[in-house]
Every structure is written in C-alpha cells, then in structure tokens.
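Notes follow once the structure below has been shown.
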Amino acid sequence: MAAALEQYCGSVFWNSSFLDRNDADLPLCFEQTVLVWIPLGFLWLFGPVQLLHICTSRMKKSSVTRVYLIKQVLAALLLLMSLAEVFFTVAEDLGNLPHPTPVSRNPVVQYLNPALYFISWLLVLLIHDSRRFTVRRDSGTLFIFLLLSVLCGVFQLQTLIRQAIQGSITDVPRFSFFLVSYGLQLILFFISIVSDVAPEMKEAAKKNPEIVASFLSFLTFQWYSRMVFMGYRKPLEIDDLWDLKEEHKTGKILGSLEKNMTAGIKNAQRKLEIRQRKRKRHSAATDQHMNGLSKAQSQDALVLEEKKEKGKKEADKKDSRGDYAKSWLMASIFRTFAGNLMKSVALKVVQDLLVFVSPQLLKLMISFVSDPNAYLWHGYLYAVLLFLTALVQSICLQQYFQLCFELGMLVRTALMAAIYKKALTVSNATRKESTVGETVNLMSADAQRFMDFTNMMHQLWSAPLQIVLSIVFLWLELGPSVLAGIAVMVLLIPINAVLVTKARAIQVKNMKHKDERMKIMNEILSGIKILKLFAWEPSFEKRVGGIRAQELKRLLRFAYLQSISIFLFACAPFIVSVVTFAVYVMVDENNVLDAQKAFTSISLFNVLRFPLGFLPLTLSSLVQVNVSTERLERYLGSEDLNTSAICHEPSPGCAVTFSEASFAWEQNSDATIRDINLKIPHGHLLAIVGPVGSGKSSLVSAMLGEMENIKGQINVQGSIAYVSQQAWIQNATLKDNILFGSPFDEARYQQVIDACALLPDLQLLPGGDLTEIGEKGINLSGGQKQRVSLARAVYNNADIYLLDDPLSAVDSHVGRHIFDQVLGPQGLLQHKTRILVTHSLSFLAQVDDIVVLVAGAVSEQGSYSTLLANGKAFAQLLNTYGNQQENSPEEEATVGMEEDLELDGDTEPGAEEVPTDVVTMSQKSEASVHQKDFIRSLSNSSHRSLTMSQRMKLKEKKPVAEIKGQRLIDKEAMETGKVKFSMYLQYLRAVGWCLSTMVLLAYIGQAVATIGSNLWLSEWTNDAAKYANQTYPAYQRDLRIGIYGALGAGQSLFLLTSALLAAHGAVRASRVLHERLLSNILRVPMSFFDTTPTGRIVNRFAKDIFTVDESIPMSFRSWINCLLGIFSTLFIICLATPYFAIVMLPLGIIYYFLQRFYVATSRQLRRLDSVTRSPIYSHFSETVSGLSVIRAYGHQERFLKHNEELVDINQKSVYSWIVSNRWLAVRLEFVGNLVVFFAALLAVFAKDTLDSGIVGLSVSSALNITQTLNWLVRMTSELETNIVAVERVHEYTHVENEAPWVTAQRPPSGWPNNGEIRFIDYQVRYRPGLELVLDGIKCEIQSREKVGVVGRTGAGKSSLTNCLFRILEAAGGKILIDGLDIATLGLHDLRRNITIIPQDPVLFSGSLRMNLDPFDQHSDEEVWHALELAHLKSYVHSLPEGLSYLVSEAGDNLSVGQRQLVCLARALLRKSKILILDEATAAVDMETDYLIQETIRSEFADCTVLTIAHRLHTIMDSHRVMVLQAGRIVEFDSPDHLLKQQSIFAAMAKDAGIVGSQNTAM
C-alpha cells in the first residue's frame, strides 16, 4: 500500500524519523494524499444530498445577495485555480515549460489532486445555488468541509513555509498555486460564518433570527445574543420575545400528534375489545359450569349465585373504570417526534464517547511531564487536543440539551392542546369521573412531568453505557482494586434511598400541616372583617402560630435528613478514591501509586459520579411519568359526546320536533326524560313548567345534545342560543361577554342592553361596558350575571332560544321588564322560537303553549286557558300559589320605574342591591367624581330621556383612556430588574448573623481540607519517582494513606457541620419571616383587603413562604459550594503554574459579564413564564365550567384557537428561556475549556520545574471546572429568582398598619355603661382623594334608645357602622361614646366593648365553642345560656359532640339560618351596652326572623340598638328612624311622625307595600 502511494506521489509516504525530533514534520506525500482526501471525502459523502432542495423545495428561489455573490466568486476562482494547475502540469509534461525534475514526468498526484478539487468546487457552486431554495441559506455541510480543508491544509502550509525559510523550494509555481488557493479557502471559510439573509426573509428574520442564522451561529446560539443584550438593557416584556418557529406552533404540533394518536387509540381499542371478549367467554364458561350442577347442588348454589351476580355487577362497574385503551400514548409521542429523538441520540453517543478521551489525554500529559526526554511538541499537541476534545464535546452536549428541552416543551404543548381539545368534546361519563380540578391537573402537573422526563429520558441508556465504559477504563488503570471503590458507590445508593423514603414520609406529613395552615389563612382572609369587628385577631394568630410550629419542627427534621444525604453524596468521590487507592497499595507491595494512575482514576471517578447520581432520578421520573401516562390515556382515550340523536333535517313549520325521545345522563342508567313527543312551531313561545327535579333542565340539555340518547330523536332546525340556569360569565369586559365573538353592531348592541335592563348597571360600573368582569363574574350580583347571560343570547341573533329559568335570579319588577321587552309577545325575540323553563307562574298567561313535566314525562300540554279548563295538576298548582305570587308585596325597598336618578347612582329597572362591600362602594365613589356634573344635569328628567343620556354616556366612555376604577383590581406588580442586595441581608438577618458566620466558616474549612487532601495526593504520587528502583517502605505507605484519610475525614466533618448549621439557620429564617408577615397582615386596615385580591395575599403565605422554607436554603447551599469549588480549583492551578493568574484576569472578566447579561435576561424570562402560564389554566377551567354554553353556540373552534394563542404566548417565553440557558452554557464551557487549555499549556512551558503529581492535579481540577462554572451561574440565577420571595414577603410586612390595638389611654372598666352615642360634625372618606361618604353627621342617640337606619344603596348606611368600629377613620369631627372620644382609644379596647350582628353570618372551621368564644373568657354555663336564648340549645344538644361539634370551612355544615343564630349567640355572650344590627336580608325564613327579633327585644332591652334596615317592617317599632341620603342625615324622627308627613321614609314605606295608599306622593 505504502509503495503504491509513494509511486503515486513520487516521494516518501511515511517515515517515523520525521516525528522523532524537536522540529517534527509530516512527509509531503502524506499531506498531499490523506490530508486532502479527508475534507473531500466528507464533501462528496454529504454534499450531493444538499442538491435535493432544487427538486423538493416548495419555496420560490430567493434573490441574490452580496454575501452569495462573494461566495460564488471565491468558489469560481478556486475552480479556475484548480483548472489552471491541471493545465500547468500538462504543459510541463509536454515540454512547453521548464520541468523541476527533468529526468521523469510529473507524478499522478499533480494531475489528480487539482482534478478532484475542480469537481469539488463545481459541487460547492451548485450547493450555494441550491441553498437559495431554503430559508436558511448557509449550509452546515459546506461549513464543516471548509473547516476540515483549512485545518488539514495547515500541515502542508507549515511544511512549505519551512522549506521556503530554508530556501529549499524547487517548485515555485505549485508553491504559489497552494498559497493562493489556501488564502481563498480561508476567506471563503470566514465569509461562511456570516449569515446570508435574502431580502425576502428580512422581515421574518426580525421576528425570529434563528431561522436564517448561519451554521456557526446556530451551533453557538450567537443569533440569540441580541435578546440577551436587550434583556440586560431593560426588563423584557412579552412583546420583545421573538416569534416561535412555524414547526413549534401549537396548531402544527397538535396536528401531527393527533394523526398518530388516532391510529394509536384505534389499535388500543381493538386490543381492549379482544380482552373484553375473552373475559366474557371466561365468565360464560364459569356460568355453564354452574348450570351443569345437579338439582340438589344447584339449590345450594342459588344463594352463592345471587351473591356472585351482585359481585359481578360491581366488578363490571369497576371494570368499565378499570380497563381502558392502554399503551398508545408513549408510542404516539415517539412517532410524532422521531426526528428529534434520532438526532439527540446521535449527539449523545458522540458526547459520551468523548467524555472518556480527556482522562486518556490527561494520562499522556502526565507521562509527558514526568519524562525528561519527551519532545516539547508532544506537550503542545496534548494541550491542543484537550482543548479541541472539550470544545467538540461542549458543542455536542449543548445541541443535545437544546433538542431535549425543545422536545420537552413540544410534548408539553401537544398534550396541553390535546387535553383542551378533548375537554370540548368529552362525554358526560368522563366529565363526571374527572372534576375541573383534576382536568386542570392533567394539563399542569401531568404535562409538566412529561416535559421534565423528556429532558433526562436519554439517561436511561446513556447512564449504563457511561458506567460500563468507566469501569472498563478504571480496570485497565488499577486492576481488581477498582471493585472496592465501586462497592462503596453501590453501597451508598440504598443508604440514599432509605434517606429519601424517610424524607418523603416527613414531606407528606408536612403537606398536611401546610394545607391546614393554608385553610385557616384562607378563612382568616375571607372573614377578616369579622375578626376586626370582634377583635379576634390574637386568637387566630395563636392558632396559625401553633400549626406553623409543628410544620417547622418537621421541616427541621427534613433538613437534617437532607444534610446527611448531601454529606454522603459529596463525600462519595472522596471515600471512593481513598478506599480504592488504599486497597491498590495494600494488595501488592509492587503497586506504587503514581500520578498517571491516581489522576486518571480520579477523572474517571468524576465521570462515574454523574450517571450514578442521575440514574435514580431518571428512574423515579419514569415512574411518575407512567402514572401520568395512565391518567392521560384514560382521559384522552375516553369516549366523545355522541350527538347523533340530534338531527337537522328540514321539516316545514316546525322548529323543534321530539319523536319518542328518551335520554339519560349516563349510558346504562335510567332515562331522565321519557317518550317525549313534541312539535314546536317556528316563532312560538313555549313554557316548560313542573315541580323541582321533573326534568325541565334535562329536556333543554337533550336538545343541546348534552345527554346520552336511549331511543328516539330530536330534530332541530336553525341555530341555537342558550341561557343556562347558572349564568356563565367569562373573565373579560362586560362588552366582550355580550358580543361573545360576534361582530359589533352599535344599534343592535344598545337595543339589547336596554331590553335586558343593563343600562342602570352600566351606570353603576366604573368603566361602563368596558369594566373588566372578574373570574366567574365575581364583581357582578347574581341578577346582573343572569342578565348579561341573557343579553349574550339575544345579541347572538339565533333562530331558537333555549332559556333555562333566566328570571329566577332577578327581582320581580326586573323580571317583568325583561319578559315584556325580550321574551314576551311584544319583546325583541317575538319572531324567534323560544323555549322557556320557568318557575314564575305570573307570565304563563302570555305564552303560546305550556308543557307540564312530571318525573321526566309530559303530563299535559296546551295553551294557558286550555290547561286551566282541564282542571288537572297545573290548574291546582295555579290556584294554590298563583294568588300568592300575584299579591306578594315587594319585599325589597326597591325603587319604582319613575324614580328620580339620585347622585349616588340608584337603581332603575334592574340594579339589584349589590353586596355593598367597600370595594364596590369606593369604585362607585371614584366613578361618581367623574359623573357628578353629568348626573346633576339629569337630576329631574324622566326615565326615557335618562336612557338616551345614558346611551350618550356610554358613547362618551368609548375612548379607552381608562376611567379611574374601571379595573377592579390593579395588576400585580411584577418585580423587574435586579433584586436589591438588601434582600439578601434581610434573609441573613433572619437567619442570625452569628449562625450565618459559623456556616460560612464551616464551608471554608471544608474547602481548605479539600485543597489539602488534593495536594497531599499529588505529593504521594511523586513517591513513585523517588522510590523508582527500591522497595516502597511500609511506614511511608501507611503515613500517606493515614493523612490522606484524615484530611478526608476533616473535609466530611466540616461539610456535615455546615449542612446541619445551615438547616438550623434556614428554619429559623422561615419562622421569623412568617411571624412578621402574619403579624403585619392581621394589623393592616380593612381597605387593604378590599383592593388586594385574597389570592395575592394567599400566594405570599403559600408559594413565597414555601420558597423561603425549601428553595432558598438549597440554592444558597449549592451556590456557596460552587463558588468555593471554583476558588479552590483556581488556587491549585495557580499553585502549579503561577503564570495562570495572568490568564485568570481576562477569563474572570468575560465570565463576570456573561453572568450579568444572562442572569438579567433569565430572571425576567422566568417571571414572564409564570405570568403567561396562569391565563392558560384560568381559560381552561373557565372553558370546562362553561362547556354546555360553548357547545350550544358552536364556538368550540374559536375557543380552541384562543387556547392555542395563549399556549403559544407561554411557549415564547419557555423557548426563549431554554435558548438563553444554552447560549450561556456554550460560552461558559468555552471559558472552562480555555482554563483547561491554559492549565495544560503553562504546564508544558514549565515542564522542567514541575512534578508530575502537581500537573496531574492542576489539569484534572481544570477538567472539572467547566461544569462547576456552568452550575454557579445557574445557581446565581436561581438564587436571585428565589430571593424575590423574600422581597415579596418583605413588601407585605411593610404595609401601613391601622391604629394600635391598645394605647396608653385605656377606657374605665365597665365602659360604656350608658351606651350614649354622639356624632359631632362627623366626616369620612374611603381613601384620601375620594369624595366624602359621610358628610357632617350630627346627632345624639340616647342611652337604651332603639334607632333604625334606612337609605337607598350607597347612602352611607354601612359606612356608619364601619365608623363606629373605626374600620374607617374620621376625615373630620368625632364620635363620643359615653363622653369618650373613640379616636383616642386602642382599637381592641373599642371593638371588644361594642357588638355587631353582621349581615353575612361568617363562621370559621373549628369547634362551635371556638366560634362563640375564641378566647375562652366564658364558662360553659354562660355559653349554653346564650345558645338557649338564640334558640339553638336543642339543636346543639342533639349533636353527639355538643359544643365541641366541628364547624366546617365557612360553616358549610350548618344552614344559613343556623349560622345567623350562632352570630346572635355570639352577641348575647358579649353583653355590651351598644348593639349594631346589620340586618340580614335573605339569610333566614320568616319564622327564624321573628325569633331573632323577639330575642333582641327582650335580651337587649337595656342596650342602645342601631339597626341598619334592608326590610322596613323590622324597624317600624324603633324609637326613632334615621334616613340617610348621599352621606347626610335628611330625616331623624319617630316612624309614626315620619309616616304622617310627606317624607322620604313614607315614600319608601309605600314602595315596600307597608303603608296603604295614603297621600304620600313625594
């Protein structure tokens, strides 16, 4: 072979003497053959594939660019150069030119090489052209070809340059050809680094530069740098992030997954059927066996048989739940993402193999240093190879990670989209099985588990591969002694497993405490007003404190276990090396530990650590994913809703036809509606009536296709609009809720709002129809929600209207208005088909047809008059209840239609009394600042003109400049920018300075011990040279092992101490921060709770306290470990080669900047991820709860699209975060690789002054630094992200407090003993800058006087009680109780001495006794006496637990009436001289109401009683009545006196139907 090549070249092909000298070189023939063929072979192997784009691409050929032209010109010049060289050689041989070796002709290589290059450059030209058919115009194949060509050419270049310097060049023309070609190749290589962007792609490239990035930019993620710089300059917003690539968009991924899923489910279903058939056959066989028994036997068997039948039925039931289409999801996911998986496997294999190259190079490096005769170029070669290996390894690893994380993200997206899509079509049975919470969990937790698993999935095969290879190489180094070290590693695994199991058990118990604490916190925040009114905060603070103490006790235990686990894991490598080396040296006295063996082994042990640590994690993740797979397969493979029984065939004259229709809610259950035959003509109004549970709503659901068909069918002609019984409201503006995706038509919209009586509500809502409605319509009253739901249906303009009792939630006069304006014969929908389910009998006379349902079947049908004449059930129903409904006086003191509009926004048809919490009130007053002039101009106009002006007002509101108060709740402040350093100090202060210092010292001690043990090892390995040809003395051996072991033990002890101290400190910090937070939250004023959503406060106690408890201690620990690890490595390298300190400075600067840039961007991306993730889940749970409405309107597609948009927005931040991590890792690993390179290079320079031991130590430490550097930045970022929790907790510990609970001025004991109240020119406002709510209240209330307080919504009635308790502080004037100014007292002194029975009866979870007397101030006798007076004694007696009866959350296990009585008992226990009754409206029935009034009259006879009245008849026996209007007292006199005059009170009494028609017109 060599001879043939020598003939081919005409010179020597290989001679080892070329390398056996200080200025080594390669033979020219080797350079002209092998080094030329490597790049060309690569190009010819992979180049032709690139030309396929010309045939397969769907893109139009893109324009020519400057970069493209330069590339083509360079390639063409290279082509011409190779052609010229061929011609030159031919000319030489033909004798036309002087020949360098005239004796013979030119060798073959001179012809063949230029010819091969000619073909190659032609191929390059074609590839350049073919790339114009693709988006990314730079070719990876060409980049690698040029890189190889330039690298291989270096050898020939330096050979020729050497010859030139020595003056021994004979062939000048070829020398010139080579130089020019090499120069052109270099230029072409550098040009191919630049991205070539076609003009057509400029816009797309701005939205996502990744798609046009050059190959090198793609490998190093350089295209992402712009984003990192932007993130550094300013906090990133979601709009700053680049668009997703087309193939990453949700719609695209879901499409491909669905294709594979459908096929997979079909297969799995087939298998399921076979399984079920087998099971049936088996059970049939057993039945036959039973039948074959003799008569006598079968008698005995009958009883058994019955039992079996029962069991079998249950088993069948279980089976339908237990067996499902299995094992298709994983396969579908693999099929969908096969391309990604194959690529990542290839990259991981290369990376795994390269991991083992570095220890071998290290071994060569050490042997080079210890061999005084070695040539210097060996050292340089090893240093360069170490650098190149590490570089390629870095690039492979980062590309592999990018693919894995990308896959994780795509799988999560696909699953989330699939679950959402399934939720829109899922059958009732499945819906019953999985609650909304469970389904949201599938989307959040289970999809997330898949994401986490795909990140480490490849470890399942890669870890075993790495372990096997490590053991093989270690065996080659140390022989069987390796087994000792491996045994230690294997032993540590079960110990760790035991610790993990113990820790998990503690965690589970602790979760219970956490849940318990969060439950009480939720209650405290929901019932905070009661806590304040009764001054009960200390009692609850104590309760929460007790649970928290238990929680922290467990947390400390958990932290101790964790410390031991960390201690074992961190000591593992050290213990392993001590054991292995000790065994190796002890086994045979000829075994001397030299540097090569020691440091190569340590590198290999370090490699082994990673897969051993990772494998258990991967396996546990696999187990979790299996659970999730089962849950997802059950859900995604379940049956869809079957709507085949709903037809849409044309039938003249009939809008809806039922033919023998029977439907049930579940398959195999009894029919809910049976044998219905109905024909509903177009344009008819049909009422469906019947007792509760007769199937009225089910009939509507059947028409919507929401039920399982048993027999028969329903024919529906035309589109449907549906109003559900419980209004479903989206979290959007009021306007969007009404439009519901339909285009906006101003005139129609105004008409609908008017008809649905929504105008006055828009008047009250601060932003009109642009007011944001909270989740589940939280800031609307029940009636408002129902009317919005109705308006949505009316605006939708469908053919058939299904109305499920829409009038139940509204007042009767509003109901009448809606019936007349919308549903009735003269209403907006008069020409539509309307099917109205109703309980209200008063409208039935005006409907076209009535259907009476009884037990799911039609009992009678006909017009109102026909049914009355029949005299059946319907007629009897009318006779019993009809009269009551017609004549019942309107209970609420509501306003008539012709009422003037008052300043504080009163009710017109329809604004029911909204719960007057402070927030709506303050919103109203904020809005009223803007509305005052507008309303004044209207004050006396009639209702018609008012409607007109309100319309005008709505139009005026159009400009989107937000009106103050239009948003219910401000957006939560998302922290931006760098976390303040003071937050770290805040945390350390909570830990305690003394403890913090001790922890730090322990960590430093550990680092020093580590350095010591490493230096000792390098000393030890130098013994090999010292005792080269002698016997190794035993005492020396024992000394070496002993001290090495002792240093190791010291290192372990320091580590354990630091971990335990840190655990202690962390728990202390948790306790301090939680105590501060809780104590402050209980002391903030009420207004804070009204403007801050409970969820936001709960989040501080849940998520943020969890971060403080668990995440911050871990981040801190890892961060200190990494930092000290890096310092000790750098110290060792500097010790070996002091010059390294010079290199360290620039590397340190690069590192610092990378870290600053990255952390700023990454931190903000994490925040964006969590901010954009919550809308996905909110939208999902909203969709699930409004499913029947969405399906009825046929808006599934629109909701699907919206979900895809939300997921894509979240994807943008997730993808950006993934890339930012890779961007950082590539750069940091490059810095790490430079550290390795310089450590090795400087060792080569200082070869003669160094021992092999210290070189081994220096380079092996450097090899480890790359991962640690990466980890340090990751930890810095995580620590910054987590410390935000301290910032958020800190923010709420500094909210301004209300007045102190107790002041220096204490009231005399027994105060107030008379109960006289004086208001002196009293003024109050909700917040500074708002209008006064009470303005100049002057009055005196005598001792033992009973006063009723009345007024319309917003007149200031509730504000008056808030002022007495100082929930609101005075803006002017004062209140005296028994002559004492209440503003001078502590809040608890005031609140404990006056009593309120609040409007909403709030109870807390805990015993009944705790709810009555949380401070245990009263004896059991007194408590029983109070219960007796409250008419609860007999009920409580009947409970087995008596006073210890556990009240559930919010008192759900007591009826509303009972809760109200408990509140009464509370008041009776306190026996204070002043009682305020914020009278409950609908809470109790008439009988209980009468009992309460009686008790109050008798028991509080000698008290001053203020009653805030909502129902006037309760205050008719008061001594005096106070009428409030717009925050002023307008009337204050006895009820009789006021009724005789033409007073406001008299008008209200008339409205409420209390007074006859006296002449009390206003």
Handout entry: Rg followed by Dmax, in Å, when segment 1230-1315 is reduced to its Cα trace
Key = 31.8, 103
Handout entry: Per-selection metrics, the chain (Cα): Rg and Dmax in Å
Key = 42.3, 143
Completion exercise
Treating every alpha carbon of segment 439-524 as one equal point scatterer without solvent, the Debye formula yields log10 I(q)/I(0) values at q = 0.22, 0.26 Å⁻¹ of -1.13, -1.14
Problem - Ratio Rg/Rh, restricted to segment 378-487 and using Cα atoms, in which Rh is the Kirkwood radius - result: 1.26
Exercise for the section: Report, in whole Å, the centroid distance computed from the Cα atoms of segment 835-879 and segment 441-461. Expected result: 58 Å
Exercise for the section: Compute the relative contact order of segment 1110-1219 as a whole-number percentage, counting only Cα pairs closer than 8 Å that sit 6 or more residues apart in sequence. Expected result: 31 percent
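Report the antiparallel proportion of the DSSP beta bridges in the chain as a percent, rounded to a multiple of 5.
For the chain, the DSSP antiparallel bridge percentage is about 55.
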Practice task
Arrange the peptides 412-418, 1262-1268 so that the one whose residues have, on average, the most other Cβ atoms within 10 Å appears first.
Solution key: 412-418, 1262-1268
Handout entry: Segment Val508-Ser367, length gained on full extension (0.36 nm per residue, minus Cα span)
Key = 45.3 nm
Problem - Theoretical ellipticity at 222 nm over the chain - DSSP helices of four or more residues, -39500 (n - 2.57) apiece, nearest 500 - result: -20500 deg cm²/dmol
Completion exercise
The percentage of the accessible area of the chain (probe 1.4 Å, all protein chains present) made up of carbon and sulfur atoms, to the nearest whole number, is 60 percent
Completion exercise
Under the 7 Å Cα-to-Cβ spin-label approximation, Leu116 and Ala732 lie apart by a distance in nanometres of 6.8 nm
Practice task
Note the direction-averaged projected area, equal to a quarter of the hull surface, for the Cα convex hull of segment 1-87, in nm².
Solution key: 9.7 nm²
Problem - Of Lys207/Lys1103; Lys271/Lys422; Lys60/Lys202; Lys207/Lys249, those spanning more than 25 Å from alpha-carbon to alpha-carbon - result: Lys207/Lys1103
Exercise for the section: Quote the Stokes-Einstein diffusion coefficient, in whole µm² s⁻¹, for segment 1401-1507, based on the Kirkwood radius over alpha carbon pairs, a temperature of 20 °C and a viscosity of 1.002 mPa s. Expected result: 152 µm²/s
Practice task
Sort the following peptides by mean Cβ neighbour count (other Cβ atoms within 10 Å, averaged over residues), highest first: 598-606, 841-849.
Solution key: 598-606, 841-849
Fill in the blank from the handout: Its Cα gyration tensor gives segment 986-1127 an equivalent ellipsoid whose semi-axes in whole Å, largest first, are 52, 13, 9
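Please give the per residue accessible area of the chain, computed with a probe of 1.4 Å over protein heavy atoms only, in Å².
Working: 68790 Å² over 1562 residues.
Value for the chain: 44 Å² per residue.
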Handout entry: Cα coordinate range in segment 321-430, projected on the principal axes (Å, largest first)
Key = 84, 24, 17
Exercise for the section: Output the direction-averaged projected area (hull surface divided by four) of the convex hull of the alpha-carbon atoms of segment 1314-1415, in nm². Expected result: 8.2 nm²
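Full extension from Ser719 to Leu1015: what is 0.36 nm times the residue separation minus their Cα-Cα distance, to one decimal in nm?
98.2 nm
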Practice task
Project the alpha carbons of segment 1013-1060 onto their principal axes and report the range along each, largest first, in whole Å.
Solution key: 49, 17, 6
Practice task
Filter the chymotrypsin sites (Phe, Trp or Tyr not before Pro) in segment 1339-1447 to those in DSSP coil with at most 15 other Cβ atoms within 10 Å of their Cβ, and list the result.
Solution key: Phe1415
Fill in the blank from the handout: Computed D for segment 1100-1142, Stokes-Einstein, Kirkwood radius over alpha-carbon pairs, 20 °C, 1.002 mPa s, to the nearest µm² per second, is 170 µm²/s
Fill in the blank from the handout: Computed about the Cα centre, the charge dipole of the chain from +1 Lys/Arg and -1 Asp/Glu charges at the Cβ has a magnitude in debye, to the nearest 20, of 3180 debye
Exercise for the section: Work out Dmax and Rg for segment 1392-1442 from the C-alpha atoms and quote the Rg first, both in angstrom. Expected result: 11.7, 34
Practice task
Could you compute the FRET efficiency for Gln1196 and His1425, with r as their C-beta to C-beta distance and R0 at 60 Å, rounded to 0.05?
Solution key: 0.45
Handout entry: Gap separating the Cα centres of segment 242-271 and segment 180-226, nearest whole Å
Key = 33 Å
Completion exercise
dims of segment 82-230, Cα set, principal axes, largest to smallest, nearest Å -> 67, 33, 19
Exercise for the section: Just need the relative contact order of segment 670-772 here, percent rounded to a whole number, with Cα pairs under 8 Å and 6+ apart. Expected result: 22 percent
Exercise for the section: Go through segment 701-805 and name the chymotrypsin sites (Phe, Trp or Tyr not before Pro) that are in a DSSP coil and have 14 or fewer other Cβ atoms within 10 Å of their Cβ. Expected result: Phe744
Handout entry: Prolate/oblate/rounded label for segment 515-668 (Cα gyration tensor, a/c 1.5)
Key = oblate
Practice task
Return one quarter of the surface area of the convex hull spanned by the alpha-carbon atoms of segment 558-639, equal to its mean projected area, in nm².
Solution key: 8.7 nm²
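Can you give the net charge of the other residues whose Cβ lies under 15 Å from the Cβ of Val847, counting K and R as +1 and D and E as -1?
Numbers: positive: Lys696, Arg816, Lys832, Arg834; negative: Asp805, Asp820, Asp848, Asp849, Glu860.
Net charge around Val847: -1.
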Practice task
For segment 570-634 and segment 526-557, compute the distance between their C-alpha centroids and round to whole Å.
Solution key: 47 Å
Handout entry: Alpha-carbon Debye profile of segment 649-701, log10 I(q)/I(0) at 0.16, 0.29 Å⁻¹
Key = -0.56, -1.23
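The values are calculated or read from the model by the stated rules, or taken from the named source; none is laboratory data. Just so we're clear, the structure is a prediction, and the values are computed from it rather than from any experiment. All Cβ positions, glycine included, derive from the backbone under ideal geometry; neighbour counts span all protein chains shown. Note: accessible area is taken over every heavy atom of the protein model, side chains too, but ligands, DNA and RNA are not part of it. Shrake-Rupley method; radii C 1.70, N 1.55, O 1.52, S 1.80 Å.
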